[in-house]
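S.K.: Quick one: structure below, then a few questions.
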Amino acid sequence: MKNVVITGANRGLGLEFVRQYLAEGWQVIAGCRAPEKATELNGLQEQGNLMVLPLDVSKQQSRENFCAMLGDQAVHLFINNAGIYGPSSTPLGQVDEDQWLEVFRVNTVAPVKLIELMRKNLVSAGAANVAILSSKMGSIDDNGSGGLYMYRSSKSAVNSVTKSLAIDLAAEQINVVSLHPGWVLTDMGGPNALIDVTTSVSGMRRVLENLNSSQSGSFIAYDGTIIPW
């Protein structure tokens with residue numbers, strides 16, 4: 001049985017990842033800030049091998065506690081789904097420094113710190129994949145509208161993180177990719193989004209199933225297309 005670790009697993013894309021990997025027979029280790037309130041997530045325990053653990057990715061002690069509970073289990077796939085958008089409107093002149101740092105802490109710093117803690121688990125899998133959920137809004141090439149300094153910059157930065165991780169972990173047979181889920185009907189994506197969570201997660205799962213070392217360090221959309229940096 002293969003193990004997958006999914007962060008931000010109590011709603012949206014994270015919850016759908018849990019649902020689909022359980023259906024495929026994986027053991028799922030799901031992290032969320034308040035497991036006792038994650039009614040829908042906990043309800044999935046009847047559908048397969050699911051462990052729900054507390055995890056606030058913005059806090060080092062919580063990250064350490066989460067990984068300690070993993071013990072020496074092999075992790076074949078780590079999906080860093082947890083993320084925050086920050087303020088929906090941040091016009092120049094009104095960018096709050098503390099809010100910006102918090103967005104960076106969650107979206108950019110946390111994935112690296114979790115991978116540091118989980119590295120032995122990934123190595124013990126023999127070959128492993130790491131997916132960091134990014135966004136096309138992190139593409140500098142695609143930015144034609146400006147604004148959204150906090151979210152855009154945090155995702156551009158995590159794309160850079162992905163590339164470095166892919167290089168540093170290649171010798172340990174760990175592939176690392178940034179994934180663009182599309183514009184998805186979630187709390188973050190809003191009601192005008194173009195695709196549902198089932199379509200997005202199914203697509204990202206196909207990308208991960210076919211992932212090889214030559215694609216490690218890439219920025220890939222849910223439909224398999226490469227996104228310019």
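S.K.: Using modelled backbone amide H atoms (1.01 Å from N, in-plane), which distant-in-sequence or interchain residues come within less than 5 Å of VAL176's amide H?
M.R.: For VAL176, whose amide H was placed from the backbone, the distant partners under 5 Å are VAL130, GLY217.
S.K.: Right, next: Looking only at region 128-229, where both bridge partners belong to it, what percent of the DSSP beta bridges are antiparallel (to the nearest 5)?
M.R.: On the way: 1 of 11 bridges.
So the antiparallel bridges in region 128-229 amount to around 10 percent.
S.K.: Cut-off 10 angstrom, C-alpha nodes, Gaussian network model of the chain. Which of LEU114, LEU15, LEU194 fluctuates the most?
M.R.: Its mean-square fluctuation being the largest, the pick is LEU194.
S.K.: A further question on this structure: What full-extension length gain, to one decimal in nm, is calculated for ARG206 and MET51 as 0.36 nm per residue of separation minus the Cα-Cα distance?
M.R.: Values: separation 155, 0.36 × 155 = 55.80 nm, distance 2.36 nm.
Between ARG206 and MET51, full extension yields 53.4 nm more.
S.K.: Hey, another quick one. Between (i) 65; (ii) 53; (iii) 49, which matches percent of Cα pairs over 22 Å apart calculated for the structure shown?
M.R.: (iii)
S.K.: Between region 104-123 and region 26-86, what's the alpha-carbon centroid distance in Å?
M.R.: 13 Å
S.K.: Pop the C-beta distance of GLN61 and ASP98 into the FRET formula with R0 = 22 Å and round what comes out to the nearest 0.05. Spell out each step's value before the answer.
M.R.: Details: r = 20 Å, r/R0 = 0.92.
About 0.60, to the nearest 0.05.
S.K.: Oh, and also: What percent do you get for the relative contact order of the chain when only Cα pairs under 8 Å and 6+ apart count? Please report the intermediate quantities before stating the final value.
M.R.: On the way: 442 pairs, mean separation 40.2, N = 229.
Here the relative contact order equals 18 percent.
S.K.: Show that you can apply the helix-only estimate: for the chain, add -39,500 (n - 2.57) for every DSSP H stretch of four or more residues, divide by all residues, and state [θ] at 222 nm to the nearest 500. Working shown, then result.
M.R.: Values: 7 runs with 83 residues, N = 229.
Rounded to the nearest 500, the figure is -11000 deg cm²/dmol.
S.K.: Would you work out the charge dipole size for the chain about its Cα centre, treating the Cβ of every Lys and Arg as +1 and the Cβ of every Asp and Glu as -1, and quote it to the nearest 20 debye?
M.R.: Working: 17 positive and 21 negative charges, 45 e Å.
Here the chain has a charge dipole of around 220 debye.
S.K.: Got a sec to turn the phi values of region 9-16 into Karplus ³J(HN,Hα) couplings, 6.51 cos²θ - 1.76 cosθ + 1.60 with θ = phi - 60°, whole Hz, x for Gly and Pro?
M.R.: My calculation for region 9-16 gives 8, 8, 7, x, 4, x, 5, 5 Hz in order.
S.K.: A further question on this structure: I'd like the antiparallel share, as a percent to the nearest 5, of DSSP beta bridges with both residues in the chain. Spell out each step's value before the answer.
M.R.: Details: 1 of 28 bridges.
Roughly 5 percent of the DSSP beta bridges within the chain come out antiparallel.
Values in this text are rule-based calculations from the coordinates and carry no lab data. The shown structure was predicted, so the numbers you read here are calculated from the model rather than taken from an experiment. All Cβ positions, even for glycine, are placed from backbone atoms using ideal geometry, and neighbour counts span all protein chains on display.
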